[in-house]
Amino acid sequence: MRLLSLTLKSMRQRKAGVALTIFTVALSVFLLLGVERVRTDARQGFASTVSGTDLLVGARSGPVTLLLYAIFHVGEATNNITWKSYQDIRSMPEVAWTVPLSLGDSHRGFRVTGTTSDFFVHYHYGRGNALAFARGRPFSDLYDAVIGSEVARQLHYKVGDRIVLSHGLGGANLASHADKPFRISGVLSPTGTPVDASIAVSLEAIEAIHVDWHSGIRLPGMEASADQARHMDLTPKAITATLVGLHSRLSAFAVQSAINDYPEEPLLAVLPGVALGELWHLVGTAESALRVVSAMVLLVGMSGMLTALLGMLGERRREMAVLRAVGASTKAVFALLVMESTLLTVAGMAAGVLLLDAITAIAHNYLLATLGLVIDQSPAPGEWPLLVLVLALGSLAGCIPGWIAYRRSLADGLQVRL
């Protein structure tokens, strides 16, 4: 207790240097934990792009391929699922709900997803978060469209605006469905998932804009107006994929096996979590890079604190000598400097954590809306070992100036140097 009191009094005499050292440690801890939190939340957000869905079903290809085009809207489907096959899957006794997905059209570079109103009920992301509307409502009319937050932000769309979909996914010569324009009925809140950069319409709407098309080509002389399409049979003939929810997750493997062995056509059912894990191993090299950045941040922070301590030690030679002269042992001087280093580290850690929490709270909505990055305000599990490591290194850094002071003679600090 006496040593602690002496340490605090000594630190009060050097407020500027102490404050600068605490700031250096706080900034290092802020960057270190910030990188760790971004790394952890990015991985968790990636793995939770779709949650609450037990199976993802599409035409037979590969799990990662199916996941890429059905969920991340990357690439194109190798084949479609017939409507009959979809109905057979939906009628299985173990199946609680299904959400069909029909892909293939776009609007100014953003994917269009044909689905049902169940999409807004059963699609969940993150830790079971449901889709929410920032403005408007789900589609109700045949030519209603719901846009993601990124679409609204980049194209400056709002509820009530008219948009025209294009046939296909890219290229300079996209054919337009200008004869059947859509009205934006709702804008979704940011989710940090591919939903933000997509446009949702009904399955019947997808059929309506293609009633006078065949094999990607508009049939000459067979044009049907938007009103005429309303009175046609708009039952889908095929879909791209479907999300499947089960009454019990214990039946997931049995249902998966039954779908993979479906006799009518080759289908593939995958567990989204497993497929997301496989995909992360392919694209997760950034995680290793962030670990390297964390190590460099820690190294720079501890080096900065050690430099500050050594710089202050030169100014404290007389103080150390006076302590020795009044009876303090060399071990007490060593312990004094180690304790000072530990206190500076603890203060810097506390300041860094508070700064990170404040920045996270302030920038949470901005990061979600602009970068699609969801940063959790609660500490990540990997932060505690890092804090322990910082504390250990901070205490160890104090051993170096402590050892130097330990080796110096009493006369070295008392002599006057001109």
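Computed from the coordinates by the stated procedures, all read-outs in this text should not be read as laboratory data. Everything numeric in this text was worked out from a predicted model, so none of it was measured. Quick reminder, even Gly has a Cβ in these numbers, built from the backbone with ideal geometry, and neighbours come from all protein chains shown.
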Within a Cβ distance under 12 Å of Ser248, other residues only, what is the Lys/Arg minus Asp/Glu net charge? -1
Rg(Cα) / (2.2 N^0.38 Å) computed for segment 55-270, rounded to two decimals: 1.01
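Of Glu265, Glu204, how do they rank once you tally other Cβ atoms within 10 Å and put the fewest first?
Ordered from fewest to most neighbouring Cβ atoms within 10 Å, Glu265, Glu204 come out as Glu265, Glu204.
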If amide H atoms are modeled at 1.01 Å from N in the peptide plane, then the residues at a separation of 5 or more from Arg111, or on another chain, having amide H under 5 Å from its own are Ile199
Find the percent of Cα-Cα distances in segment 36-162 that exceed 26 Å, and round it to a whole number. 28
